[in-house]
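The values are calculated or read from the model by the stated rules, or taken from the named source; none is laboratory data. Just so it is clear, the model here is predicted, and its values are computed rather than measured. Cβ sites come from the backbone with ideal geometry, for glycine too, and all protein chains shown count toward neighbours. We work out accessible area using only protein heavy atoms, side chains counted, and drop any ligands, DNA or RNA first. Shrake-Rupley method; radii C 1.70, N 1.55, O 1.52, S 1.80 Å.
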Protein chains: 2
Amino acid sequence: MAVQAVESTTGTSAATTSAYDLGPAVALSCRECGTRTPLGPSFVCLECFGPLEVAYELPGGDPEALRARIAAGPANMWRYAPLLPVPSDVAAKPNLNPGLTPLVQADRLAAELGVTGGLYVKDDSGNPTHSFKDRPVAIALEAARAFGFTTLSCSSTGNLAGAVGAAAARAGLRSCVFIPDGLEQSKVVMAAVYGGELVAIDGTYDDVNRFCSELIGDPLGEGWGFTNVNLRPFYAEGSKTLAYEICEQLGWELPDQIVIPVASGCQLVKIDKGLRELVRLGLVEDKPFQIFAAQAEGCSPVSRAYKDGTDAVRPVKKPDTIAKSLAIGDPADGPYVIDICRRTGGAVDDVNDEQIVDAMKLLARTEGVFAETAGGVTLGVTRKLIESGAIDPSLTTVVLNTGDGLKTLDAVAPTSRPTAVIRPSLDAFRDAGLA
Amino acid sequence: MAVQAVESTTGTSAATTSAYDLGPAVALSCRECGTRTPLGPSFVCLECFGPLEVAYELPGGDPEALRARIAAGPANMWRYAPLLPVPSDVAAKPNLNPGLTPLVQADRLAAELGVTGGLYVKDDSGNPTHSFKDRPVAIALEAARAFGFTTLSCSSTGNLAGAVGAAAARAGLRSCVFIPDGLEQSKVVMAAVYGGELVAIDGTYDDVNRFCSELIGDPLGEGWGFTNVNLRPFYAEGSKTLAYEICEQLGWELPDQIVIPVASGCQLVKIDKGLRELVRLGLVEDKPFQIFAAQAEGCSPVSRAYKDGTDAVRPVKKPDTIAKSLAIGDPADGPYVIDICRRTGGAVDDVNDEQIVDAMKLLARTEGVFAETAGGVTLGVTRKLIESGAIDPSLTTVVLNTGDGLKTLDAVAPTSRPTAVIRPSLDAFRDAGLA
């Protein structure tokens with residue numbers, strides 16, 4: 001199928017020519033004021049300081065042909081390359097090829113929760129480094145290569161650090177990643193094992209993030225591509241592939257309800273954008289969908305603002321939750337999350353540590369999916385919103401699991417032990433009373 | 001495409017009718033004497049005590065049509081359902097849907113090892129519970145359902161226990177799994193988190209295995225399907241899908257050389273069988289291929305027998321290696337492994353703990369793949385055999401990674417730590433000397 005440049009997702013018709021081959025991406029565009037700037041390692045609008053996003057000329061024409069082209073693509077996120085800011089030969093380059101993770105039809109979980117309209121878990125623990133972060137990083141890596149960066153970097157609560165380390169290793173780039181001190185051991189090891197530099201910062205994630213912003217402006221950071229700072233417009237687009245996959249795996253249909261965890265909020269904003277793009281391209285039939293946001297009680301600035309009826313998100317200074325990957329006290333996209341949940345008729349809610357662990361164990365017991373604490377947050381909030389009536393159990397619901405239980409072992413370790421330790425004899429087994 | 005029953009992989013033309021719908025499987029057949037017995041939970045030949053295997057009537061006809069049928073199948077191992085002992089509607093049943101894991105084109109690793117003919121890592125850490133064990137368990141689960149078992153069980157060095165727990169949870173079966181006491185924490189948690197019974201046995205894996213064989217013969221074990229004992233003929237076939245995928249991912253070509261870790265040896269035997277089936281079905285062109293087997297020095301009964309020029313495998317009483325998933329002192333398929341390596345012109349070798357860790361870090365650093373210790377064994381032996389000249393660097397080589405580094409964290413944790421811990425300031429970063 002020939003790809004025709006007939007549609008822009010920004011509504012601005014004048015394309016900006018670009019020095020880079022990043023597929024259908026033609027410019028950066030301010031989410032607030034719409035001002036365009038050429039493709040490059042920029043992330044803030046120079047007119048209004050709003051966040052920059054990628055502007056496209058997406059393939060037009062027959063949706064059926066585009067669906068067929070996607071179906072014939074590789075069994076990973078590069079099947080959506082015609083919709084992403086990556087070179088058309090991206091699948092042939094050395095990268096981790098994440099995506100096309102399972103959409104688990106969770107019938108046993110549905111039965112326990114009383115959901116009758118279809119319940120699905122999008123299980124992103126199947127990605128190469130076992131979190132959704134491989135998606136945005138795979139796109140940021142292409143941007144880094146295009147812009148000639150030699151070091152790939154990030155501020156991270158853990159999962160991103162591992163994803164950046166692995167992607168840089170595969171691509172043969174240097175990496176240097178920054179994490180708050182005191183993360184889970186699995187995440188620390190995974191951030192270091194790929195051979196790049198790992199720097200622990202004595203402070204919170206928000207301190208790490210501020211430090212990285214300083215580093216970009218300093219000669220020390222020259223030649224560095226920070227996936228979630230100066231490459232953020234590209235990086236952020238990676239989460240759209242979750243929306244694409246969910247709809248394709250549902251047979252090119254929108255879900256009615258989708259529950260998404262919130263750290264910076266970027267993922268939720270981009271999933272909403274991805275769903276709307278599919279409608280615009282005619283790949284799915286338009287219908288209302290509701291987006292729900294999940295936070296951990298110990299770091300719930302967005303949930304608190306939502307419940308207070310405001311969109312002024314007051315930062316949490318000292319996050320205190322076992323869901324460390326969601327422990328961003330000052331979430332950049334918080335207000336957008338609230339807007340989207342209100343606009344679509346969704347909601348924002350939070351759960352405490354005990355509810356998180358309960359939900360992790362519920363998901364493991366019913367569906368054989370061992371989720372990270374963040375997955376426990378999302379399922380815990382789902383359960384809470386079903387009980388409150390905010391989520392309609394008669395509609396199709398998709399719950400995201402964005403990470404892997406092996407990375408947050410401490411949450412379930414105390415209650416996940418052998419039922420018995422016995423000698424290797426039938427008598428000992430009989431005495432243990434398990435037969 | 002209509003599937004025609006025109007070919008048997010056992011060479012016996014008389015099909016045995018079966019009470020069970022297990023796809024192309026028509027009987028069990030002794031690997032030693034060829035005696036056939038009806039499909040059922042049997043694993044030992046009553047004539048000669050040889051191991052039973054599944055006998056098929058496989059689809060015949062046009063290989064191109066079969067390749068197209070496979071390509072149009074699901075993005076998991078059920079695309080090969082026409083070649084497996086599972087019901088034709090297996091993909092619609094609640095199971096973990098493992099398989100179609102990445103075949104990583106390892107160019108940077110190849111450059112370090114001096115391989116010029118193409119080096120690939122088959123990375124099975126992408127499976128649902130992050131080891132290859134999801135494959136055999138998925139098939140054993142179908143057999144368990146067919147035979148009416150209500151408890152799924154196994155003896156395990158860890159990975160299998162997690163795979164059984166998760167598969168049983170998804171399917172709504174009870175599970176009770178047995179492990180040797182003292183396994184890695186990640187594996188213990190993963191064996192318990194899915195809510196089944198987990199019993200630790202005070203002894204080695206071989207003690208656990210003997211205990212399970214006793215349990216099957218006892219009324220206590222009634223209604224229990226042990227994936228790797230009374231369901232073993234079905235379970236074992238799961239590893240063939242590794243052979244199928246590798247060839248499909250190479251563009252329906254046989255690799256020249258393939259390096260496989262050896263615990264019980266079952267996986268290697270079945271990969272060899274799978275490769276030969278593809279030749280017989282015309283799905284790949286026939287050409288010589290060499291199979292190499294990898295063990296850990298601290299539990300290397302097969303390697304020792306191979307080097308001694310015998311096929312009498314003397315059990316190792318007290319395995320002592322960080323590659324606990326390979327710590328089977330008395331490997332059931334040991335002699336078959338030696339036969340296959342000799343017949344194909346391959347070899348068997350082993351590496352010590354230090355070489356295992358080195359290989360794990362080499363793989364992580366060059367390809368962004370974080371392998372379990374067993375993967376370190378396989379890559380370590382690959383490196384050794386390249387250096388000795390046994391593996392030809394000018395030929396296509398596939399190395400298996402069968403598990404996940406997150407499950408054997410202790411092996412690399414001491415050397416995978418932050419390069420520096422600093423305050424969040426440019427001065428502190430400058431002082432750390434990392435820019």
Residue B:71 meets each of (1) in contact with a helix residue (DSSP H, G or I) (Cβ under 7 Å, 6 or more places away or on another chain); (2) within 14 Å of another protein chain (Cβ to nearest Cβ); (3) at pLDDT below 95 with one exception, condition (1)
Output yes when any residue across segment B:197-211 is more than 7 Å from chain A (Cβ to nearest Cβ), small (Gly, Ala, Ser) and open to solvent by 10 Å² or more (accessible area, probe 1.4 Å), and no when none is.
-> no
When you go through (1) acidic (Asp, Glu); (2) open to solvent by 20 Å² or more (accessible area, probe 1.4 Å); (3) within 14 Å of chain B (Cβ to nearest Cβ) one by one for residue A:367, which number turns out not to apply?
-> (2)
In the list A:109, A:103, A:96, which residue meets the criterion of being in contact (Cβ under 8 Å) with a residue 12 or more places away in the chain, over 30 Å from residue B:370 (Cα atoms) and in contact with a helix residue (DSSP H, G or I) (Cβ under 7 Å, 6 or more places away or on another chain)?
-> A:109
Go through segment A:218-262 and count every residue that is of a type in the set (A, V, I, L, M, F, W, C) and not in a helix (DSSP H, G or I).
-> 11
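Residues checked against (1) within 18 Å of the chain's Cα centre (by Cα); (2) farther than 26 Å from residue B:168 by Cβ; (3) not β-branched (Val, Ile, Thr):
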| residue | (1), (2), (3) |
| --- | --- |
| B:226 | yes, no, yes |
| B:241 | yes, no, no |
| B:263 | yes, no, yes |
| B:277 | yes, yes, yes |
| B:288 | no, yes, yes |
| B:296 | yes, yes, yes |
| B:318 | no, yes, yes |
Just give me the residues in segment A:403-434 being open to solvent by less than 30 Å² (accessible area, probe 1.4 Å), assigned to a helix (DSSP H, G or I) and small (Gly, Ala, Ser), in sequence order.
-> A:405, A:411, A:413, A:428
Would you mind finding the one in A:322, A:271, A:340 that is in contact with a helix residue (DSSP H, G or I) (Cβ under 9 Å, 6 or more places away or on another chain), over 30 Å from residue A:66 (Cα atoms) and surrounded by 19 or more Cβ atoms within 10 Å (Cβ to Cβ)?
-> A:322
Would segment A:295-309 turn up any residue that is aliphatic (A, V, I, L, M) and part of a strand (DSSP E or B)?
-> yes
Within segment B:52-68, of all residues that are modelled with pLDDT of 95 or more and not hydrophobic (A, V, I, L, M, F, W, C), the one least open to solvent (accessible area, probe 1.4 Å) is B:56
Of all residues in segment B:40-51, how many are open to solvent by 10 Å² or more (accessible area, probe 1.4 Å) and in contact (Cβ under 8 Å) with a residue 24 or more places away in the chain?
-> 4
Residue among B:428, B:413 that alone is over 24 Å from residue B:120 (Cα atoms) and more than 7 Å from every other protein chain (Cβ to nearest Cβ) | B:428
Those residues that are within 18 Å of residue B:299 (Cα to Cα) and either part of a loop (DSSP other than H, G, I, E, B) or within 14 Å of another protein chain (Cβ to nearest Cβ) (or both), I need them from segment B:380-402; list them, please.
-> B:402
